[in-house]
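The values are calculated or read from the model by the stated rules, or taken from the named source; none is laboratory data. Only a predicted model underlies this, so the values are computations on that prediction, with no experimental measurement involved. As a convention, Cβ positions derive from the backbone with ideal geometry for all residues, glycine included, and neighbour counts pool all protein chains shown. Keep in mind that these areas ignore ligands, DNA and RNA; they rest on the heavy atoms of the full protein, side chains included. Shrake-Rupley method; radii C 1.70, N 1.55, O 1.52, S 1.80 Å.
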Amino acid sequence: MPIRSFLSIAVLWVGAIASALAVVYSTQRSRELTAELGRAQKTRDELRYEQERLLLERGAWSAYSRVEKVAREELKMRMPSPSEQILVPLE
């Protein structure tokens, strides 16, 4: 019987060590994943901020007053006088 009880204790000891190692591994993996989640959320927040900034910038660039100013100053465009206007009939 002593060999059988020694074998049982050895199996239980190996099981306890394996269980402890599994707990350590899962805790470390959980910490790694939590850190990765934090980095991903930070990146998400930065991208949201950049998207909002770009949407505001696009709105400013496409404003009617800005388009009119660029057409007049940079492209040297002007409104045609009434004598230069031609009406095209719809057929």
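Along the charge dipole of the chain, which of GLY59, VAL14, TYR25 sits closest to the positive end, that is, farthest toward it, with unit charges on the beta carbon of Lys, Arg, Asp and Glu (+1, +1, -1, -1)?
Of the candidates, VAL14 comes out farthest on the positive side.
Based on the alpha carbon coordinates of segment 1-52, what radius of gyration and maximum Cα-Cα distance (Dmax) apply, in Å?
Calculated on Cα positions, Rg and Dmax stand at 22.5, 76 Å.
Rank ILE17, ILE3 by accessible area, highest first, at a 1.4 Å probe radius?
Numbers: ILE17 75, ILE3 140 Å².
Largest to smallest exposure gives the sequence ILE3, ILE17.
Would you mind working out the accessible area per residue for the chain, using a 1.4 Å probe, and quoting it in Å²?
For the chain, the solvent-accessible area averages 100 Å² per residue.
At 1.4 Å probe size, with no ligands or nucleic acids counted, give the accessible surface of GLU57 in Å², nearest ten.
About 80 Å², ignoring ligands and nucleic acids.
Quote to one decimal, in nm, the extra length available between ALA10 and THR27 on full extension: 0.36 nm per residue of separation minus the C-alpha distance between them.
3.5 nm
Of all the accessible heavy-atom surface of the chain, with the other protein chains kept in place and a 1.4 Å probe, what percent is carbon and sulfur? If you can, show how the numbers build up before the last one.
Details: 5950 of 9080 Å².
Here carbon and sulfur together make up 66 percent of the probe-accessible area.
Give a residue-ordered list of calculated ³J(HN,Hα) values for segment 50-57 (Karplus: 6.51 cos²θ - 1.76 cosθ + 1.60, θ = phi - 60°; whole Hz; x for Gly, Pro).
Going residue by residue, I get 5, 4, 4, 5, 5, 5, 5, 5 Hz, with x marking Gly and Pro.
Compute the long axis of helix 64-73 from its Cα atoms, compare it with the longest principal axis of the Cα atoms of the chain, and write down the angle in degrees, 0 to 90, nearest 10.
60
Which value in Å does the Kirkwood hydrodynamic radius of the chain take, with 1/r averaged over all unlike C-alpha pairs and then inverted?
Roughly 21.3 Å, rounded to one decimal.
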